[in-house]
Amino acid sequence: MSRPLKILAVMDPYEGYNWHKDTSHLLLKNLFERDHHLFYTTPAQLFIKNGAVVANGRAIMVQDGFPYFTFDDEALLPLNEFRLILMRKDPPVNTLYRQATHLLSLVQEQTWVINRPSSLMSFNEKLSIFHFAPWIPRTTVTSRPEEIALFLQQAGGIGVLKDLNSYASKGVRKISLSDPDLNIIIDRETANGKKVVMVQEFLPVHEGEKRVFIVDGKMAGAIRRRPPEGSFLTDPDRGGVVTATSLTPREEQICQKVGHFFSRRGVFFAGLDLIDEKLTDINITSPGLLCEWNETDGESHEKEIIDLLESKL
């Protein structure tokens, strides 16, 4: 870039992150190394003053190791002064998250917000797979316990129940018709029939789950995550083992369709999850696993992402 840009990161509170393995830290560190002016705020610090969207935020310097960020004093930041805003708050997609996307959508015509807040509002990460129905596993979405039981009968007796607003294997569990506590589990997960959940057929995950990184609508790379012994969850935080991988022709076709669809809707960075050549999740809120991708081949893929981002800026 010919000149430094003013960039704001909207993230969760600083405390509690595992910054050593955090995608947001990698992206911000690379931007900082390129001499851009970086600022940090949280969704709760976004508000409107005198008709303009502003934030209470702080300038930051980004470091390789602890404490990872050095903060300046808090200041009032008009959002229309930023060239780029990175919306990197993790789910759950709750009221606070939705309010942040509404506020950010008010400036998306003047400031490039990644990913586009109107798309974050419109596309639930779990439900958006239905835009690609021919490529997904057998799936139902319901709050009715009897419908879940019927689905399990049709899907071989075993399924995976997912919370619609969670992430990174949180709110995900295997359920089975043979489980004597099945009714108790379903009642709890559906809040006694008042909460909608997703249930998918159980796919063979012993060969691993593939995470595909989509950048500006195109497949940038992929990794394979295998679950630890005795588990079906592949998340590295839960013991999943990450290795390099390649895609089959069918998987490449899925990625092409999904990438094109979301690129036209302002989603610059996304992560797709594939099991047994089927699309199971589309991550657009704050796609992660960039550190794990780097570890598989010794590259620094955040540099490629920021190169492309700068070229578009």
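The values are calculated or read from the model by the stated rules, or taken from the named source; none is laboratory data. Computed from a predicted structure; not experimentally measured. When we count neighbours, we look across all protein chains shown, and the Cβ atoms used for this are built from the backbone with ideal geometry, even at glycine. Remember, those area values only see protein heavy atoms, side chains included, never the ligands or the DNA or RNA. Shrake-Rupley method; radii C 1.70, N 1.55, O 1.52, S 1.80 Å.
Between the Cα long axis of helix 23-33 and the first principal axis of the chain there is an angle of about 20°, rounded to the nearest 10. Residue separation of L308 and K49 scaled by 0.36 nm, minus their Cα-Cα distance, works out to 89.9 nm of gained length. Remark: spin-label model distance K21-N56 equals 3.3 nm, labels positioned 7 Å along the Cα→Cβ axis. PRE reach from E146 (point 7 Å along Cα→Cβ): which of the stretch 186-207 fall under 17 Å by backbone N? Correct set: 186-187, 192-195.
When the Gaussian network model of the chain links Cα atoms closer than 10 Å, the mean-square fluctuations of I275, I185, I148 top out at I185. Compute the acute angle (0 to 90°) between the alpha-carbon long axis of helix 249-263 and the principal axis of greatest extent of the alpha-carbon atoms of the chain; round to the nearest 10°. Taking Cα atoms only, the helix is inclined about 50 degrees. Of all segments of the chain bounded by chymotrypsin sites (Phe, Trp or Tyr not before Pro) found in a DSSP loop with no more than 16 other C-beta atoms within 10 Å, the longest spans 18-313. Mean sequence separation of contacting Cα pairs (under 8 Å, at least six apart), scaled by the length of the chain, corresponds to a relative contact order of 17 percent.
As a length-normalised measure over Cα pairs under 8 Å and 6 or more apart, the relative contact order of the stretch 40-155 settles at 19 percent. Normalised by the residues of the stretch 1-87, what does the relative contact order come to in percent, with Cα pairs under 8 Å and at least six apart? That works out to 35 percent.
Using only Cα atoms, find the angle between the long axis of helix 301-312 and the longest principal axis of the chain, and express it within 0 to 90 degrees, rounded to the nearest 10. Tilt relative to the chain: about 60 degrees. In the assembled protein chains, T245 presents an accessible area of approximately 40 Å² (probe radius 1.4 Å). With all protein chains kept in place, the per residue accessible area of the chain amounts to 46 square angstrom at a probe of 1.4 angstrom.
In plain terms, the chain from D12 to K170 could stretch by 55.2 nm, reckoned as 0.36 nm per residue minus the Cα-Cα distance.
Within the chain, the longest segment free of exposed loop sites, counting GluC sites (Glu not before Pro) that fall outside DSSP classes H, G, I, E and B and have at most 10 other Cβ atoms within 10 Å, spans 110-228. For the options L106, L28, L86, a Gaussian network treatment of the chain with springs between C-alpha atoms closer than 10 Å singles out L106 as fluctuating the most. Between the stretch 45-83 and the stretch 272-313, how many Å separate their Cα centres? Cα centroid to Cα centroid, the span is 25 Å.
Where a Cα-Cα gap under 19 Å defines reach, which lysines qualify for K218, not counting those fewer than 8 residues away within the same chain? Leaving aside lysines fewer than 8 places away in the same chain, those within reach of K218 are K210, K257, K278, K303, K312.
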